[in-house]
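Enquirer: The structure under discussion is supplied below as structure tokens; questions concerning it will follow.
The values are calculated or read from the model by the stated rules, or taken from the named source; none is laboratory data. Values in this document were obtained by computation on a predicted structure and should not be read as measured data. All Cβ positions, glycine included, derive from the backbone under ideal geometry; neighbour counts span all protein chains shown. When the accessible area is computed, the model is the full protein with side chains, heavy atoms only, and any ligands, DNA or RNA have been set aside. Shrake-Rupley method; radii C 1.70, N 1.55, O 1.52, S 1.80 Å.
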Amino acid sequence: MVYEVLKVGERNALSPDYLRAILGLTSNRAVQKQIEHERRQGKVILSSTQPPGGYFLPESEREIRQFIRTLENRGSKTLDALDGARKLLEEFEKAERA
């Protein structure tokens, strides 16, 4: 669905608003959910937050590497937040046992 309308290269990235409109989806969150679904099916859909940002198909090794770095950085920050929340939960649990 999304994969079929995307263009090749970051310079041709399509915004979530545009994709929502042409695909007849109800929200940008619906666009994200559809992209998640297609990625789980093995489609390689890249994204960029660099203005104007949006979704696109890979044109080069450089674009793929940049996307991987972005996801790794985002994942690392998410894991850091998860670690912090777990440590605080442990403190609450220790206080309850005391």
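Enquirer: Step by step: first the residues of the stretch 29-54, then only those that are modelled with pLDDT under 95 and touching an Asp or Glu at 6+ places or on another chain (Cβ under 9 Å), then the one that is nearest to Lys7 (Cα to Cα). Which residue is that? Spell out how you get there, then give the answer.
Expert: Step one: list which residues in the stretch 29-54 are modelled with pLDDT under 95, which gives 48-53.
Then drop every residue that is not touching an Asp or Glu at 6+ places or on another chain (Cβ under 9 Å), which leaves 48, 50.
Values: Ser48: 13, Gln50: 16 Å.
Restricting to residues being modelled with pLDDT under 95 and touching an Asp or Glu at 6+ places or on another chain (Cβ under 9 Å), the top hit is Ser48.
Enquirer: Can you tell me which residues in the stretch 21-56 are part of a helix (DSSP H, G or I), open to solvent by 40 Å² or more (accessible area, probe 1.4 Å) and not small (Gly, Ala, Ser)? Outline the logic, then answer.
Expert: We begin by selecting, within the stretch 21-56, every residue part of a helix (DSSP H, G or I); these are 21-23, 28-40.
Filter once more, keeping what is open to solvent by 40 Å² or more (accessible area, probe 1.4 Å): 21-22, 28-29, 32-34, 36-37, 39-40.
Correct list: Ile22, Asn28, Arg29, Gln32, Lys33, Gln34, Glu36, His37, Arg39, Arg40.
Enquirer: Could you run through the stretch 75-93 and say how many residues are closer than 29 Å to Leu19 by Cα and open to solvent by 80 Å² or more (accessible area, probe 1.4 Å)?
Expert: Taking the stretch 75-93 as the starting set, the residues that turn out to be closer than 29 Å to Leu19 by Cα are 75-78.
Narrowing further to those that are open to solvent by 80 Å² or more (accessible area, probe 1.4 Å): 77-78.
Within the stretch 75-93, residues that are closer than 29 Å to Leu19 by Cα and open to solvent by 80 Å² or more (accessible area, probe 1.4 Å) number 2.
Enquirer: Now a separate question. Please state which one of Glu59, Glu93, Glu63 is in contact (Cβ under 8 Å) with a residue 40 or more places away in the chain and part of a helix (DSSP H, G or I). Spell out the reasoning first.
Expert: Details: Glu59 fails: part of a helix (DSSP H, G or I); Glu93 fails: in contact (Cβ under 8 Å) with a residue 40 or more places away in the chain.
Answer to the check: Glu63.
Enquirer: Just give me the residues in the stretch 40-81 being among the basic types (Lys, Arg) and touching a helix residue (DSSP H, G or I) at 6+ places or on another chain (Cβ under 9 Å), in sequence order. Give the steps one after another, and end with the answer.
Expert: So in the stretch 40-81, the residues among the basic types (Lys, Arg) come out as 40, 43, 62, 65, 69, 74, 77.
Selection gives Lys43 alone.
Enquirer: Looking only at the stretch 57-74, which residues are buried (at least 17 other Cβ atoms within 10 Å of the Cβ) and within 12 Å of the chain's Cα centre (by Cα)? Even if it seems obvious, please write down each step before you answer.
Expert: From the stretch 57-74, those buried (at least 17 other Cβ atoms within 10 Å of the Cβ) are 57-58, 63, 67; that's our starting set.
Phe67 - this is the single residue of the stretch 57-74 that is buried (at least 17 other Cβ atoms within 10 Å of the Cβ) and within 12 Å of the chain's Cα centre (by Cα).
Enquirer: Follow-up question, since we're still on this one. Would you tally the residues in the stretch 11-20 being open to solvent by less than 60 Å² (accessible area, probe 1.4 Å), under 17 Å from Gln50 (Cβ atoms) and part of a helix (DSSP H, G or I)?
Expert: Taking the stretch 11-20 as the starting set, the residues that turn out to be open to solvent by less than 60 Å² (accessible area, probe 1.4 Å) are 12-16, 19.
Then drop every residue that is not under 17 Å from Gln50 (Cβ atoms), which leaves 12-16.
Pick out the ones that are also part of a helix (DSSP H, G or I) and you get 12, 16.
Counting residues in the stretch 11-20 that are open to solvent by less than 60 Å² (accessible area, probe 1.4 Å), under 17 Å from Gln50 (Cβ atoms) and part of a helix (DSSP H, G or I) gives 2.
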